[in-house]
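Trainee: Shown below is the structure under consideration.
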């Protein structure tokens with residue numbers, strides 16, 4: 001059992017119960033041929049295993065949104081996973097993902113289970129990663145965006161936070177303001193306040209318990225928050 005399997009084997013507390021558990025149960029066999037079953041019985045705080053399973057189930061739902069899963073889509077997902085987690089972990093994740101793609105995914109129930117059991121910062125991280133997968137081929141897919149928005153609503157993500165994350169991946173003339181969750185009409189002090197709020201909300205330390213791999217992904221959004229603030233300061237000649 002490689003890296004991804006160890007992540008999942010070390011946790012899977014609340015994921016094993018409810019709709020996520022039902023979906024994961026079938027797909028886990030692709031990874032856990034040599035796993036210690038007792039390691040899957042833990043309960044308590046959300047772990048990397050809980051997060052990984054939630055992520056893969058939501059990716060499967062997003063990929064199935066238009067009624068077909070293309071080889072090119074799997075290739076893009078593979079590239080994303082390899083970049084984020086390394087070759088071995090990506091291989092194990094894809095094995096589980098392929099099994100999940102064969103199943104019907106109750107999107108609302110799955111998203112609600114995640115909302116009930118996962119902290120807000122981790123849910124934001126899930127949403128960011130879904131957008132990253134959707135934009136991996138350089139295009140914006142309307143059906144995928146529709147599913148991502150539904151997931152965000154079911155997970156209890158605010159509209160401002162939804163728009164802020166999407167602005168990182170979808171080109172827009174006001175993208176910097178959307179990343180900070182404000183309008184172009186906002187005053188300079190409001191811009192500074194919004195920046196401080198977003199920098200705190202999306203700081204990689206918020207998901208430190210998920211490990212360095214996920215913190216590395218979180219840095220992307222944090223970097224965009226800073227980039228947006230610098231662009232607005234430059235436009236306005238703010239000090």
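Trainee: Which residue pairs have Cβ atoms under 6 Å apart, sit 6 or more places apart or on different chains, and have a first residue in segment 14-26 that is touching a residue at least 60 places away in the same chain (Cβ under 8 Å) and a second that is outside any helix (DSSP H, G or I)?
Mentor: 19/106; 23/103
Trainee: Oh, and also: Condition check: buried (at least 17 other Cβ atoms within 10 Å of the Cβ) and within 30 Å of residue 69 (Cβ to Cβ). Does residue 148 satisfy that?
Mentor: On the way: buried (at least 17 other Cβ atoms within 10 Å of the Cβ): yes; within 30 Å of residue 69 (Cβ to Cβ): yes.
Criteria met by residue 148.
Trainee: Also: Given the conditions (1) modelled with pLDDT of 65 or more; (2) surrounded by fewer than 20 Cβ atoms within 10 Å (Cβ to Cβ); (3) closer than 24 Å to residue 208 by Cα, report the number of the one that residue 58 does not fulfil.
Mentor: (2)
Trainee: Still on this structure, please answer the following. Of everything in segment 199-228, what is touching a residue at least 40 places away in the same chain (Cβ under 8 Å) and either in contact with a strand residue (DSSP E or B) (Cβ under 8 Å, 6 or more places away or on another chain) or not in a helix (DSSP H, G or I) (or both)? Give them in sequence order.
Mentor: Selection gives 202, 211.
Trainee: Please find, among 49, 11, 5, the residue that is farther than 17 Å from residue 104 by Cα, buried (at least 19 other Cβ atoms within 10 Å of the Cβ) and modelled with pLDDT of 75 or more.
Mentor: Numbers: 11 fails: modelled with pLDDT of 75 or more; 5 fails: modelled with pLDDT of 75 or more.
Being farther than 17 Å from residue 104 by Cα, buried (at least 19 other Cβ atoms within 10 Å of the Cβ) and modelled with pLDDT of 75 or more holds for just one of 49, 11, 5, which is 49.
Trainee: Yes or no: residue 196 in a helix (DSSP H, G or I) and under 16 Å from residue 62 (Cα atoms)?
Mentor: Answer is no for this residue.
Trainee: Return the residues of segment 160-177 that are in a helix (DSSP H, G or I) and over 16 Å from the mean Cα position of the chain (by Cα); say none if nothing qualifies.
Mentor: Residues satisfying the conditions are 160, 175, 176, 177.
Trainee: Something else now. Pairs please, first residue from segment 59-73 and in the same structural domain as residue 103 (by TED's automatic domain parsing) and farther than 18 Å from residue 132 by Cβ, second anywhere and assigned to a loop (DSSP other than H, G, I, E, B) and modelled with pLDDT under 85, Cβ atoms under 8 Å, 6+ apart in sequence or on different chains.
Mentor: Listed pairs, sorted by first residue: 66/141.
The values are calculated or read from the model by the stated rules, or taken from the named source; none is laboratory data. Only a predicted model underlies this, so the values are computations on that prediction, with no experimental measurement involved. A quick note on method: Cβ atoms are made from the backbone with ideal geometry, for glycine too, and the neighbour counts reach across all protein chains shown.
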